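Here's the structure, in structure tokens; my notes come after.
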Amino acid sequence: MKIKSIITLMLLAMSIPLMAQRKDNSTLDMQIRKLIFAHSAIYQLYVDTVDLNKTTEDAIRGVLKELDPHSTYTSAKDVETQNESLNGSFEGIGVQFNMNEDTLVVIQPVSGGPSEKVGIMAGDKIVTVNDTAIAGVKMSRENIMKRLRGPKNTKVKLGIIRQGVKGIQTFTVTRDKIPVYTIDAYYMIDATTGYIHISSFGSTTNEEFTKAATFLLASGMKDIVIDLQGNGGGYLQAAVDLANQFLDNGEMIVYTEGRSTGRHEYHAEPGKMHIGKIVILVDGYTASASEIVSGAIQDNDRGIIVGRRTFGKGLVQRPIDLPDGSQIRLTIAHYYSPVGRCVQKPYVKGDKKKYDMDMLDRLNSGELMSADSIHFPDSLKYTTRGGRIVYGGGGIMPDVYVPIDTTYYTRLHRELNAKSCVNSTTLKWLNLNRKSLVKEYAIDNYRKANARRLDNKSFEMEDLRAGYNRFKQEFTVPQDMMDMLIAKAKEEKIEYTDSAFQATLPLLRLQMKALVARDLWDMSEYYELMNPTNEIYKKGLEALKDDDLFKDIQNK
């Protein structure tokens, strides 16, 4: 970046306060000139060669570091990648894949996507891209992704190894826009209860939710469990749109307030979804937009929050694009729940390390083990319209608190997963048995039916689920898969006793069965199998059946 570019950047910074017509512009002008002169002097006079791009980025990061924990700088090359999951699409070849050691294995091509159109199938191994080997050469995942992705309508030649076919097959794929979904899973828990897991809040979340809920309503859903565990947030407007689905016209969803931006309120509009009881599942990593939804449902007495106190990110960032394509996400306001709770947890400016240690502090204080360890002063108590007490002070405190169970996941289980033994073993076994499994459980029929489901066309629920229901009831992890896992653990030098293995075995078998289901069907089936092991999920189902919890809830 040349000095001219730096001056352009500084002029851009000067224009922001001018719009607000602040009285201290002369002081600001002086400080900006000071910064330009200092940067110029370093570049021209410093004893060693200076990387001007790096020093400029370091200066920006240094300033933001002294503000709040969520004001950040993103380099130009990372901006597009950062926004992909929120904007709802990227451009590429359209496959879901796993890395089996150093080989890319296709889980399944995106339905109707560019790879499916040319005949790429689940289980295929992509070994070359444009005649460059990507398998067996220890290429990083990032470099592989760069080779597969590219602008729409550009072509890429893939070398494929397919089980039962000799040699390397060549496919030429024309890249296209590939949708990125923010809803991972949805299914019917029982005859009247639906489940939807939302992983983040992006531009397509409300549309995805409407499609999923429409399918579940057609399947008999009356009550709903919305899973926001681990959901780090995303777009504020996406959270507002989702909360709007459940609230009455005019009810407040959230309001934001900042020094320069003033107060802005978001209210529900007509057109809500007709659902009875609502349970929202949260944990310590439920943050930002997820907390907006949780706070709106709780403060308006519309549903029950189950889990642990949420993360506590109540700061609104505005993206500011810089001339070279990089971006600042600058905090401009706090957001507040309808009854006035500031969701943002306390922080010390410039001390991000302490801020990042918050979850460890919660563990050490005993909060994660028992709700009794959490004490709120009267100043942090708020009353909903229905008269229920809710709490401020950072994050959303659930109505039903679920302590963490530190005994469920053994050390052996954590180590096997940390070293990818479980995933890689399951994938390796699947590649040997995929053809027979697809035939046994009529997977191709399922995928055709599922495509009709997503398009909201006619479907038969029993036809859609028949193969999976048999799998769920009949399939058990075979001994040869367990033998492969034991061999992988030995290869990774994981030491364990027989008693430790036996204690871990039930969960390992269930996890591997769920991974097989995820590969053959989708994430919905994975969650359906694994959720019953989740304490927050189990407590959420108990809460649905507890009429006392819902006696003050307005099932409108």
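Of the residues examined, residue 395 is one that is in contact with a Lys or Arg (Cβ under 8 Å, 6 or more places away or on another chain) and touching a residue at least 60 places away in the same chain (Cβ under 8 Å).
Cβ-Cβ under 7 Å, sequence separation 6+ or interchain: first residue in the range 474-490 and under 16 Å from residue 506 (Cα atoms), partner at pLDDT 95 or above. Which pairs? Taking only residues 6 or more apart or on different chains, the pairs are 475/513; 477/509; 477/512; 477/513; 481/512. Within the range 387-408, how many residues turn out to be β-branched (Val, Ile, Thr), in contact with an Asp or Glu (Cβ under 9 Å, 6 or more places away or on another chain) and assigned to a loop (DSSP other than H, G, I, E, B)? Of the residues in that region, 3 qualify. Residue under question is residue 238, and the condition is that it be of a type in the set (A, V, I, L, M, F, W, C) and in contact with a Phe, Trp or Tyr (Cβ under 6 Å, 6 or more places away or on another chain); does it hold? So residue 238 fits the description; yes.
Here is the figure for the range 350-386: residues that are at pLDDT 90 or above and touching an Asp or Glu at 6+ places or on another chain (Cβ under 7 Å) total 1. Contact annotation: no residue pair with Cβ atoms under 9 Å, 6 or more positions apart or on different chains, pairs a residue in the range 47-70 that is at positive phi with a partner that is loosely packed, with under 14 Cβ neighbours inside 10 Å. A single member of 140, 203, 199 is surrounded by 14 or more Cβ atoms within 10 Å (Cβ to Cβ) and over 20 Å from residue 281 (Cα atoms), and it is 203.
Candidates 82, 108: the one that is at pLDDT below 80 and in a strand (DSSP E or B) is 108. The set of residues in the range 388-442 that are out of contact with any strand residue (DSSP E or B) (no Cβ under 8 Å at 6 or more places or on another chain) and among the β-branched types (Val, Ile, Thr) comprises 404, 406, 407, 410, 422, 425, 426, 438.
Checking every residue in the range 361-369 against the condition of being among the polar types (S, T, N, Q), within 30 Å of residue 535 (Cα to Cα) and touching a Gly at 6+ places or on another chain (Cβ under 7 Å) gives zero matches.
Scanning the range 272-286 for residues that are crowded, with 24+ Cβ neighbours inside 10 Å and either more than 21 Å from residue 532 (Cβ to Cβ) or touching a Phe, Trp or Tyr at 6+ places or on another chain (Cβ under 8 Å) (or both) yields 281, 286. Could you grab me the full set of residues in the range 106-150 that are touching a helix residue (DSSP H, G or I) at 6+ places or on another chain (Cβ under 6 Å), in contact (Cβ under 8 Å) with a residue 24 or more places away in the chain and not small (Gly, Ala, Ser)? Once the filter is applied, which keeps residues that are touching a helix residue (DSSP H, G or I) at 6+ places or on another chain (Cβ under 6 Å), in contact (Cβ under 8 Å) with a residue 24 or more places away in the chain and not small (Gly, Ala, Ser), the range 106-150 yields 107, 129, 134. For the range 234-280, the set of residues classified as part of a loop (DSSP other than H, G, I, E, B) and either under 17 Å from the mean Cα position of the chain (by Cα) or among the acidic types (Asp, Glu) (or both) consists of 235, 248, 251, 269, listed by residue number. Of the strands (runs of 3 or more DSSP E) contained entirely in the range 281-339, those carrying at least 2 residues that are assigned by TED's automatic domain parsing to the domain that holds residue 356, in contact with a strand residue (DSSP E or B) (Cβ under 8 Å, 6 or more places away or on another chain) and free of Cβ contacts under 8 Å to residues at least 40 places away in the same chain fall at 315-321.
Applying the set (1) outside any loop (DSSP other than H, G, I, E, B); (2) touching a strand residue (DSSP E or B) at 6+ places or on another chain (Cβ under 9 Å); (3) not small (Gly, Ala, Ser) to residue 210 leaves exactly one unmet item: (2). For beta carbons closer than 7 Å, sequence separation of 6+ or different chains, a first residue in the range 369-381 that is closer than 22 Å to residue 338 by Cα and a second that is of a type outside the set (Lys, Arg), the qualifying pairs are 376/391; 376/393; 380/391; 380/392; 380/393; 381/389; 381/391. Could you go through the range 209-224 and let me know if any residue there is under 30 Å from residue 331 (Cβ atoms) and assigned by TED's automatic domain parsing to the domain that holds residue 303. For the range 209-224, residues under 30 Å from residue 331 (Cβ atoms) and assigned by TED's automatic domain parsing to the domain that holds residue 303: present. Quick one: is residue 290 at pLDDT below 95 and polar (S, T, N, Q)? When the stated conditions are applied, residue 290 does not pass them. Given the condition without any contact (Cβ under 8 Å) to a residue 24 or more places away in the chain and closer than 24 Å to residue 229 by Cα, answer yes or no: does some residue in the range 173-189 qualify? Within the range 173-189, not a single residue is without any contact (Cβ under 8 Å) to a residue 24 or more places away in the chain and closer than 24 Å to residue 229 by Cα.
The values are calculated or read from the model by the stated rules, or taken from the named source; none is laboratory data. It should be emphasised that the depicted structure is a prediction, and the values quoted were computed from it without experimental measurement. Counting neighbours? That spans all protein chains shown, and the Cβs are built from the backbone with ideal geometry, glycine included.
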